[in-house]
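Only one structure is covered here, and it is reproduced in the block below.
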Amino acid sequence: MEKENPKMEQIVSLCKRRGFAWQGSEIYGGLGAVWHFGPLGVEMKNAIKRHWWATFVTRRNDIVGVEGAVLMHPTVWKASGHLESFTDLLVECKKCHRRFRKDHLQSGKFIGGKATEPMQCPDCDSKDWTAPKDFNLMFKTFVGPVEDEASKTYLRPETAQSMFTDFKLVLDSSRQKIPFGIAQIGKSFRNEITTGDFFFRSREFEIAEIEYFVKPGDDEKKFGEWLDLWKKFYLDLGISENKLREYEHPKESLSHYSKRTVDIEYKFPFGWSELAGVANRTDYDLSQHEKFSKKDLHYFDEQTGEKYIPYVIEPTMGIERIMMVAIVDGYKVSDGSDAREKGEVVLGLSPVIVPIQVGVFPLIKKDKLPEIAREIAEKLLQRRIRSFYDEAGSIGRRYRRQDEIGTPWCVTVDFDTLKDDSVTIRDRDTLKQERVKIEEIENYIFAKLNLS
Ligand code: GAP
């Protein structure tokens with residue numbers, strides 16, 4: 001079995017064909033960089049979000065969750081600096097009038113990483129550009145029936161701000177003490193200038209992030225701890241370590257709020273790109289909101305009597321990017337050296353985030369085999385094990401269909417089942433088959449998932 005470096009076309013084709021993801025509003029020609037997730041995609045996204053939440057919120061005492069709104073008071077974006085600084089440098093080709101992000105052209109993003117000097121238009125080869133100008137990535141909208149300056153606000157470009165504006169409300173209601181974190185998963189919107197690379201860079205996407213509040217002076221140590229935890233999240237999902245690397249942002253290119261930012265990058269088919277990041281936002285956001293709202297956002301330490309504005313370490317990651325890296329990294333094609341035929345695709349996803357965990361088949365549609373198999377699938381579903389009953393086609397074809405979407409285990413009911421109440425469970429990765437009593441299937445799967 002080869003661990004492939006798949007081409008993006010293979011990923012896009014698999015995702016569309018099997019119901020992971022496709023272009024939004026496709027029947028109308030699509031809407032640029034907006035994606036819809038199909039039946040398998042939404043199961044996978046939900047599984048990723050549940051796993052993330054369990055890892056960083058449910059299983060920790062020092063982190064609480066919130067759900068802020070997409071729409072916030074317009075002053076939030078003034079205070080946070082997004083109105084002024086959440087911009088990319090945009091240039092327009094004077095010949096074909098297509099617009100690009102200047103840094104993307106300079107990095108040679110569209111021409112295999114080899115930039116030209118002077119910059120060349122990827123569409124018409126012209127080298128004649130307008131002067132670069134700042135383009136704000138926030139989507140504008142109006143709140144209420146009047147469309148004027150006073151009712152103008154923005155769709156949030158990050159989930160972070162509600163965790164700063166609500167800092168005191170969370171603190172008072174949850175009785176947390178510093179150090180502690182606020183976590184959120186939610187939709188964010190950015191009017192990206194250049195897109196492409198499937199749902200890697202979308203205009204609507206979900207961010208999972210934590211604002212971890214610490215005493216000033218403890219920030220650098222906590223930064224290191226969060227960077228390790230962030231990397232571990234990917235390694236625990238089985239992502240190849242040699243395709244992950246850290247990128248330390250140089251001082252001059254840090255976001256307006258950041259003292260230090262390190263990205264975790266993955267080697268995608270289109271090159272090394274950001275998967276996640278950890279930033280030291282210092283006391284920037286709370287100080288700004290204190291200044292603009294005139295509300296006291298200091299923290300009072302009852303034990304020491306100290307009063308201070310906490311520093312914030314912010315680990316962040318995009319849900320769609322976790323999904324994309326898992327699919328790209330797990331994509332393998334058989335070279336025929338195992339029991340599979342050459343060219344068969346296997347998606348080596350972690351069982352925790354896979355859309356379907358167990359395929360259940362009757363060997364053939366005869367006697368009581370379908371009835372028993374249906375009952376097993378139903379029972380597993382009731383125990384919240386994502387299972388799928390399939391009786392169509394040969395058993396080999398059914399295995400192949402499940403392999404291609406990453407199903408880790410397939411249960412087959414055969415004629416021996418009628419005699420010994422046992423089934424065969426086939427493992428996607430080892431191809432080993434084990435005989436397991438029907439009443440033991442749940443425990444078998446739970447043990448593999450490390451649950452009880
Ligand atoms: N609050 C900090 C923040 O928003 P960011 O690096 O701009 O930081 C967070 O975004 C994460 O969201 C990124 O690490 C990336 O995984 C994901 N992300 C950013 N822009 C995206 C886009 N246009 N489409 C999909 N995911 C995106």
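Some notes on this structure:
- Scanning the stretch 159-175 for residues that are open to solvent by 10 Å² or more (accessible area, probe 1.4 Å) and assigned to a loop (DSSP other than H, G, I, E, B) turns up D166, R175.
- Total residues in the stretch 88-109, condition touching a residue at least 24 places away in the same chain (Cβ under 8 Å) and open to solvent by 40 Å² or more (accessible area, probe 1.4 Å): 8
- Hits in the stretch 281-310 (condition: open to solvent by less than 50 Å² (accessible area, probe 1.4 Å), more than 18 Å from H82 (Cβ to Cβ) and either assigned to a strand (DSSP E or B) or within 12 Å of the ligand (Cβ to nearest atom) (or both)): Y299, Y308
- Filter pass, L244 being in contact with a strand residue (DSSP E or B) (Cβ under 8 Å, 6 or more places away or on another chain) and either more than 27 Å from G406 (Cβ to Cβ) or open to solvent by 20 Å² or more (accessible area, probe 1.4 Å) (or both): yes
Listed here are the residues, each with its yes/no results for (1) under 34 Å from the mean Cα position of the chain (by Cα); (2) surrounded by fewer than 21 Cβ atoms within 10 Å (Cβ to Cβ); (3) part of a strand (DSSP E or B); (4) modelled with pLDDT of 95 or more.
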site	(1), (2), (3), (4)
V352	yes, yes, no, yes
R397	yes, yes, no, yes
G406	yes, no, no, yes
C410	yes, no, yes, yes
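Residues are listed down the side, and each one gets a yes or a no for (1) of a type in the set (K, R); (2) in the same structural domain as L171 (by TED's automatic domain parsing); (3) within 13 Å of the ligand (Cβ to nearest atom):
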| position | (1), (2), (3) |
| --- | --- |
| F200 | no, yes, yes |
| F205 | no, yes, yes |
| D218 | no, yes, no |
| F233 | no, yes, yes |
| L237 | no, yes, no |
| K243 | yes, yes, no |
| K259 | yes, yes, no |
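- Boolean, F189 is within 11 Å of the ligand (Cβ to nearest atom) and either open to solvent by 40 Å² or more (accessible area, probe 1.4 Å) or assigned by TED's automatic domain parsing to the domain that holds A47 (or both): yes
- The set of residues in the stretch 33-50 that are of a type outside the set (D, E, K, R) and either open to solvent by less than 40 Å² (accessible area, probe 1.4 Å) or outside the structural domain of I182 (by TED's automatic domain parsing) (or both) comprises A33, V34, G38, L40, G41, M44, A47, I48.
- Every condition in (1) under 34 Å from the mean Cα position of the chain (by Cα); (2) farther than 22 Å from E341 by Cβ holds for K437 except the one numbered (1).
The values are calculated or read from the model by the stated rules, or taken from the named source; none is laboratory data. For clarity, every value in this text was computed on a predicted model and none was experimentally measured. Note that we place each Cβ from the backbone using ideal geometry, even for glycine, and neighbour counts take in every protein chain shown. Each accessible area value is taken on the protein alone, full model and side chains, heavy atoms only, with ligands, DNA and RNA left out. Shrake-Rupley method; radii C 1.70, N 1.55, O 1.52, S 1.80 Å.
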